[in-house]
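Peer 1: Once you've had a glance at the structure underneath, I'll fire off some questions.
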Amino acid sequence: MNKLSVDTSSVFATDKYPVVEVMKYAALSTNTVTEEPIDVVLFESYPDCQKLKDIYKTIKFIPFNPTDKFTCATVLEESTGKVIRLLKGSPQVWRRENLGLSKSAC
């Protein structure tokens, strides 16, 4: 039986965003209510995933669709009021969105 998993050795990390931080943001970018397999594995791959629900609140979620080719989550860190926008998609989609070349509603 095939099982989805995250190979953390292939996660792109930087000094500012080490693997554990990237995995935290990946977990925050998910919508586990719908039990989408990729979202479930991303959420469960973060070691402290259950604690995230106490710290962050998802205020907007745009699910994947074949036209835009990404998902987007906007989350609120409740203790600080900091709002974080998280985008999952291919590199060219991320670049388009990051450069503001799209009319995304996220």
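Peer 1: For the chain, give the magnitude of the charge dipole about the Cα centre (Cβ charges: +1 Lys/Arg, -1 Asp/Glu; no others), in debye to the nearest 20.
Peer 2: Using only the charged Cβ atoms, the result is roughly 400 debye.
Peer 1: Same structure, new question: I'd like the Karplus ³J(HN,Hα) series for region 39-48: coefficients 6.51, -1.76, 1.60, θ = phi - 60°, whole numbers in Hz, and an x wherever there's a Gly or Pro.
Peer 2: Whole-Hz 3J(HN,Hα) from phi for region 39-48: 5, 4, 5, 5, 4, 6, 6, 7, x, 9.
Peer 1: Same structure, new question: Just the number: Rg to Rh for the chain, Cα atoms, Kirkwood Rh, two decimals.
Peer 2: 0.95
Peer 1: Sort 4-10, 23-29 for me by packing, meaning the mean count of neighbouring Cβ atoms within 10 Å per residue, highest on top.
Peer 2: Going by the mean number of other Cβ atoms within 10 Å, highest first, we get 23-29, 4-10.
Peer 1: Order of 38-48, 59-69 by packing, highest average Cβ count within 10 Å first?
Peer 2: For the peptides 38-48, 59-69, the packing ranking is 38-48, 59-69.
Every number in this text was worked out from the coordinates using simple rules, so none of it is lab data. It should be emphasised that the depicted structure is a prediction, and the values quoted were computed from it without experimental measurement. No Cβ is skipped: glycine too gets one built from the backbone with ideal geometry, and neighbour counts run over all protein chains shown.
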